[in-house]
Amino acid sequence: MTTTVKEKNRLMVPPSVQRRAGIKAGDRLEFKVSGGVITILPKLPNADDEYTPEQRRTIDAQLDEAEKGPFHGPFDTAEEMIAHLKTGLKKRAALKRTKRSSR
């Protein structure tokens with residue numbers, strides 16, 4: 001069972017215990033009962049609770065698009081990655097030179 005702690009709650013946990021546990025008004029709590037022992041846990045939000053279905057579709061579409069790339073690698077060593085980066089920098093510098101000379 002999950003409930004929300006209200007300002008005037010019926011959960012009779014001493015205020016000092018609530019303070020030490022960090023329980024405050026508006027918190028979502030999950031109650032578990034096992035063998036006469038009640039365990040109270042914070043109910044952590046999940047991504048579905050934070051976004052509307054339309055927002056979730058937009059985010060998912062953007063993540064799908066991001067997965068398409070551009071990707072470089074995988075590289076077997078750091079040296080391979082550095083060489084790839086230096087090649088990219090050289091190409092960019094060459095493009096800048098051709099743009100300046102064509103003016």
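The values are calculated or read from the model by the stated rules, or taken from the named source; none is laboratory data. Remember, predicted model here, so these are calculated numbers, not experimental data. So basically every Cβ, Gly included, is an ideal-geometry build from the backbone, and we count neighbours across all protein chains shown.
Within region 52-61, being loosely packed, with under 10 Cβ neighbours inside 10 Å and not charged (D, E, K, R) holds for Thr52, Pro53. Of the residues making up region 33-51, those that are at pLDDT 85 or above and exposed (fewer than 10 other Cβ atoms within 10 Å of the Cβ) are Val33, Ser34, Gly35, Gly36, Val37, Ile38, Thr39. Would you confirm whether any residue within region 72-90 is touching a His at 6+ places or on another chain (Cβ under 7 Å), on the phi < 0 side of the Ramachandran plot, modelled with pLDDT under 85 and not aromatic (Phe, Trp, Tyr)? Checked region 72-90: at least one residue is touching a His at 6+ places or on another chain (Cβ under 7 Å), on the phi < 0 side of the Ramachandran plot, modelled with pLDDT under 85 and not aromatic (Phe, Trp, Tyr).
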